Structure formats: structure tokens, C-alpha cells
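Values quoted throughout were computed directly from the atomic coordinates according to the rules given, and no laboratory measurement underlies them. The shown structure was predicted, so the numbers you read here are calculated from the model rather than taken from an experiment. With ideal geometry, Cβ positions are generated from the backbone for all residues, glycine too; neighbour counts draw on all protein chains shown.
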Amino acid sequence: MTTTQPHDRTAAGFTPSPVEPLAHQLLATLAQHRMASTHQLHVLLRPGRSRQSVSEQLNRLLGECLVDFVVLPQSHRTRVWYLTPKGARLTRNWPALRGRPPYPITSATAASLRTPHTLTVLRTHLMFVRDARCRGDEHGPLDWTPEVSHAIGDGERVVADAVMYYTLIDGHQRRKLRAFVEVDRGTMSSERLAAKLIEYARLWTYEPRPVGRRRPAAAGPGWLRWYPVFPRVLFVLTGAGRQAMQNRISDLQAMVAHHPLVTGLAREVPLGAAVLDDLEEHGATADMWIPLAGGEPCAWSGL
């Protein structure tokens, strides 16, 4: 989806505005992402300011019992922050967070169990945020919604690790892109990872039938309730050796080649995979994405 850009924008314009209080931004970001380290919050919200300014505000919120933290093991006492039940209640009806399903964390133990995957998903988000600032694109802290669930029929659901909203700026043109993002830390089998493509293919074709009344003509697939076009599907791999990750990408490509429903999806929807270390070294928009339907590595927006 491409529209005209009325005014020139600069990269600085996509850094969160200091006009909105930092405390408000911290609470909104933690409500959106469930948890984040001090470093990640600094990069997301105040990249041009000292890290101490973020730490001081977090400690004030801690004193007001709106946030709490756990300390990562073997990390030089790195703090990972999350909302307390009081903080979750405060942010529940904020306009920027409407529609965001609540994921309350009620204890440090619960936070610790969720930390590795949640922080890796947010680490992936940071790559896109940094690239957007450098390029002058639009992609901010709340343009990444973790754990988005959609029905795919038969009482089953597909849960994306994140849905990304990103606007490419090219002169006066604005191109709106969306993506389902799957972050693989090597904790599931390669076969189960590849099977996620079947779930997305089912979402692509799924047309819900209203209960107790006739289905309206030309209702269309269920995903049209949320997206004007079906989001591309991006797999980001980490947590394993280079050869192991290449094998997992090969298994994703094999699923595209051999499963009829996934093959159909790939004809209409861009599908790609990349290694997180490569994105951190070269940038999220670099030509490091492998098209799962075949072809040379390219930018994620060019899949």
C-alpha cells in the first residue's frame, strides 16, 4: 500500500518525542512488549540521551509500585522490567494500547520464565527500529505487537511472535508494509518450525462461518478484518550454529516447495528468513533475507 508523503521527514522525527513524558512512554512500552531490559528501553525511547535518564525514571516507577524487575543471571546485574498489576490496570485503557490483549505478570518467577523468548523478540524489533531511524522510515516502539493470535478453523489458532507495522519513505511516497514475525531460538524441532507455514497458509484461506445464520455472500477470508493485504511472513533465526540455522531455512524452503497449501500462499505472500546476528551486523533492511520460494538474498521489503 503506497500513499503520497506531503512533507519531508527526517530520521530524527521518528525518535519518540520528549514532549510526551518518559514515564508514560516507559509504561506504554512495557504494556506493549510485556518486558524489556534497561538497555532495550533506552534504545527504544531515548537513544540520544543518557541511559541514566531512563534508569532514574524506572526507579521512580518502581517506587510507585507501577513496575518491577528481575535480574538476569550472569549478566552483570542486568535488570528486566515489567508492569506490576497496578501498572497493568493503569495502562489498560490508554488509547495507544486499545485492543492489546492483557498479559499480566504476577510474580518475578513468572517473569523469569518468559524472559528469554520475550527479550529475543524485542531484540529483533530493535533492529527494525534502528534501521527506520537511519533511513527516515516510520517504525516506532508501538509498531510491533507481540503474540498476536488469529483463528484458523477447527477451534485452532495461529499465534505470531509479533506483527510488525512499517512504513517505507521514498521521497514523497509512503509504502505501508506489515509482517508476521516468527523468532526461532532453536528450542523447537525444525519440523515444527516449518509447520508454522501451514498455519499461516490456513489463516490465508480461512473464511469464518457465522454461527446460526447464513454466511453472507463474498464475506472473504477472516484476516481482512485486520489487514488490507495479508502480511508477509518473516522468520528470524538465532540460538544455534550457523549450519543448523541454514538447515532450518532449507526445511522452510522445502515446506514451501512440497506442501500444496503453502505453495499457494507463497505465490501471493512474500516469505523470507534471516539470521538475527546478520541483521544486527548489517541492518534489518540489508540484503540478508532468503526468499523461501527461491531466489537471491534481498531486503525484507523486496521479498
For the pair Glu56 and Arg225, the simple spin-label estimate (label points 7 Å beyond Cα toward Cβ) gives in nm 4.7 nm
Using Cα centres only, tell me the gap between the stretch 150-199 and the stretch 279-303 in whole Å. 15 Å
Calculating semi-axes √(5λ) of the Cα gyration tensor in Å from this structure picks out, from (i) 43, 22, 16; (ii) 31, 23, 22; (iii) 38, 25, 17, entry (ii)
Once you charge only the Cβ atoms, +1 for Lys and Arg and -1 for Asp and Glu, what is the size of the charge dipole of the chain about its Cα centre, to the nearest 20 debye? 1020 debye
On the formula 1/(1 + (r/R0)^6), with r taken between the Cβ atoms of Arg77 and Leu97 and R0 of 41 Å, the FRET efficiency rounded to 0.05 is 0.85
Near Leu62, within a Cβ-to-Cβ distance under 13 Å, what is the net charge of the other residues, with Lys and Arg +1 and Asp and Glu -1? 0
Pull out the extension gain between Arg114 and Ile198, defined as 0.36 nm times the separation in residues minus the alpha carbon to alpha carbon distance; nm, one decimal. 27.7 nm
Taking amide H atoms as placed 1.01 Å from N in the peptide plane, list the residues 5 or more away in sequence, or in a different chain, whose amide H sits under 5 Å from that of Ala36. Trp81
Quick one: compute the contact order of the chain, relative version, from alpha carbon pairs under 8 angstrom and 6+ residues apart, as a percent. 15 percent
What number comes out for the charge environment of Val275, summing +1 per Lys or Arg and -1 per Asp or Glu over other residues with Cβ under 11 Å away? -3
Beta bridge orientation in the chain: antiparallel %, DSSP, nearest 5: 75 percent
